[in-house]
Structure formats: structure tokens, C-alpha cells
1. For residue 45, state whether it is part of a loop (DSSP other than H, G, I, E, B), touching a strand residue (DSSP E or B) at 6+ places or on another chain (Cβ under 6 Å), at pLDDT 95 or above and over 16 Å from residue 15 (Cβ atoms).
2. Specify the residue that is surrounded by the most Cβ atoms within 10 Å (Cβ to Cβ); the eligible residues are those in region 20-65 that are in contact (Cβ under 8 Å) with a residue 40 or more places away in the chain and under 10 Å from the mean Cα position of the chain (by Cα).
3. Filter region 2-42 down to residues that are in a loop (DSSP other than H, G, I, E, B) and farther than 17 Å from residue 64 by Cβ, then give me how many there are.
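The values are calculated or read from the model by the stated rules, or taken from the named source; none is laboratory data. Just so it is clear, the structure is predicted and the values come from calculations on it, not from any experiment. Cβ placement follows ideal geometry from the backbone for every residue including glycine, while neighbour counts extend to all protein chains displayed.
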């Protein structure tokens, strides 16, 4: 994925997550490894500790957004 696509992907993840959580959590997606710039990111991760319910929502959001990006790397 190009740097631009990675940024768009992260933005789409967080936009959808915010809609689904409706303010019930401060969870967010961040580039992995933590602190990585888009150019060096190898994936995404949760921004911090999250309970099992939030992690389940994050997993579902990531699957849908990934599919909308064509499921390509």
C-alpha cells in the first residue's frame, strides 16, 4: 500500500469506528508499530487498552473497511 492509501485507510477505520462506538469509548486505530509513520507502518493496532466488546467491534470494522479497499495490500 502506498503512503497515501495507508493514510486513507486509517482515516476510514477511525471514521467508521467512531460511528459504531457512538462516543462510548476513546478507542482508535493507529499505525503499527506504534508511532510509525505511514511509510514505515506494517499494519494497524488499537491505540490503547480496550475491553473485549470494543475489540470485537474494532475487528468487525477493520474487516469491512479492508473489504471496501478491495482487500488488497
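1. It is false that residue 45 is part of a loop (DSSP other than H, G, I, E, B), touching a strand residue (DSSP E or B) at 6+ places or on another chain (Cβ under 6 Å), at pLDDT 95 or above and over 16 Å from residue 15 (Cβ atoms).
2. Here the residue is 58.
3. Qualifying residue count for the region: 15.
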